[in-house]
Amino acid sequence: MPRNLYAEEHEDFRASVREFVERSLKPRVEEMISLKSIPRDIWLEAGKQGFLGMDIPEEFGGAGAGDYRFNAVLAEEWGHFNAATAACFGIHADVCPPYIVDLGTEEQKQRWLPGIASGEKIIAIGMTEPSGGSDLAALKTTAVKVDDGSGDWIINGSKTFITNGYQCDLVIVAARTDPSKGPKGITLFMVERGMDGFVNGRKLDKVGQDESDTAELFFENVRVPDTNRLGPEGGGFIAMMQRLPQERVGAAVSNIAHAFQIFRETVVYAKERKAFGQSIGMFQHNKFKLAEMVTKLEVAQAYVDDCVAAHAKHQLSPIDAAKAKWWTAQVQSEVLDECVQLHGGYGFMNEYRAARAWRDARVTKIWAGSNEIMKELIGRELGF
Ligand SMILES: Cc1cc2nc3c(=O)[nH]c(=O)nc-3n(C[C@H](O)[C@H](O)[C@H](O)COP(=O)(O)OP(=O)(O)OC[C@H]3O[C@@H](n4cnc5c(N)ncnc54)[C@H](O)[C@@H]3O)c2cc1C
């Protein structure tokens, strides 16, 4: 079905992203897998190409695009390449910048945004803790104001499963500043590499997404000046809730793009691979499976495109973002499982993209709010 989300300027932009993927990313897949991260020079190259600062105003080194469809083009093209790179670039360029652009002071914007746009300062966001991620309001990391008139804070605690956690130079940390106020007692802080007591833990050993850096973060008596507080005291929880819809629609875009790309590659495989004297795709069972897969993908794509268009006009509701996020994760998982099946034994071999994509996709039903949490939000909206 023809899509009508994008205009010529988005397609021109897409061509430049594709060229970057072909030239700078594809030849280095094995290196990224062995490093479990995107090499620094690729971050810098992405920054130079203008791919890391779509939401960052021009005066701070970004593109100041003011049109979410450009972020969506990036999410699609990273998703076509692989899910892990989509996650690392997505957290850095799509999820984190709005926190600083919307909540930061002029001085904070000048201090951090140019480095984020150029790729010199890799950023992460630390919400999830070892004790839990779904119940964000129950987080245990604390920030206590020092009683010496300096206004400084002392942060103690830890975060886990943090994308870009090992490499990050900056991390947005959600910490409890007032234990008596529940969600209203949570505040955001920018913690910077080199601050005493801040330790980037090991890169975690994951089931999939080998190319991405996912790590624990430790904070032991980290002294942070008040000028690193992002937004008002007690405003952290609402700030996260307000920005999660963008994270979720971005995830939905990349889920569908990722599954669609592997589906296309599977169609080629199903035409080439022969059994019983014919292409495996010609068996009615497989033909019907492929027909079901493309239908699921296109129907989901249409909903996601509507969400992107709504978000570009600042009209996307958190509930619609939640629907897009869980549904695309589900479709992605079903489609990729069938792609593996159609590849037979090769579908279980890591050298095949279908195998890696299937492993990589498993987490999309868990992160950025699990499918159960998305349904909880949708159910509440229905009055339950
Ligand atoms: C690769 C990876 C990258 C990640 N990147 C980041 C990141 O950059 N920053 C960050 O802050 N976090 C990140 N996360 C964390 C992720 O967002 C959490 O794992 C997720 O929110 C779930 O939290 P949890 O793992 O603590 O599971 P739990 O909250 O312990 O949940 C366990 C299970 O219980 C279910 N459950 C919980 N509450 C309910 C309920 N009310 N109703 C029904 N079921 C429920 C959940 O759906 C889940 O199935 C990442 C995770 C992974 C695996």
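Bear in mind these aren't lab numbers, they're just calculated from the coordinates by the rules spelled out. Just so you know, these numbers come straight off a predicted model, no measurement behind them. Note: ideal-geometry Cβ built from the backbone for every residue, glycine included; neighbour counts use all protein chains shown.
Listed values, structure above:
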{"read-out": "Mean Cβ neighbour count within 10 Å, used as a protection proxy, ranking 367-379, 45-57 highest first", "value": "45-57, 367-379"}
{"read-out": "Net charge of Cβ neighbours under 14 Å - reference residue 20; Lys, Arg +1; Asp, Glu -1", "value": "-1"}
{"read-out": "Dipole magnitude of segment 123-233, debye to nearest 20 (Cβ charges: Lys/Arg +1, Asp/Glu -1, about Cα centre)", "value": "260"}
{"read-out": "Total charge dipole magnitude, the chain, about the Cα centre, Cβ charges on Lys, Arg, Asp, Glu only, Debye to nearest 20", "value": "1100"}
{"read-out": "Cα-Cα pairs of the chain separated by more than 33 Å (percent)", "value": "30"}
{"read-out": "Solvent-free Debye scattering, log10 I(q)/I(0), computed from the Cα coordinates of segment 77-173 at q = 0.15, 0.16, 0.19, 0.23 Å⁻¹", "value": "-0.73, -0.82, -1.07, -1.27"}
{"read-out": "Share, in percent, of DSSP beta bridges within segment 47-203 that are antiparallel, nearest 5", "value": "70"}
{"read-out": "Cα pair distances in segment 123-233, grouped into 10 Å bins until the bin that holds the longest one, percent each", "value": "16, 48, 29, 7, 1"}
{"read-out": "Equivalent ellipsoid dimensions for segment 239-284 as semi-axes, Å, which come from the Cα gyration tensor, largest first", "value": "40, 7, 5"}
{"read-out": "Rounded to 5, the percent of DSSP beta bridges in the chain classed as antiparallel", "value": "85"}
{"read-out": "Whole-number Å³ per residue for the convex hull built on Cα positions in segment 8-118", "value": "91"}
{"read-out": "Relative contact order %, the chain, counting alpha carbon pairs below 8 Å whose residues are six or more apart", "value": "16"}
{"read-out": "Stokes-Einstein diffusion coefficient of segment 238-381, Kirkwood radius over Cα pairs, 4 °C, 1.567 mPa s, in µm²/s", "value": "81"}
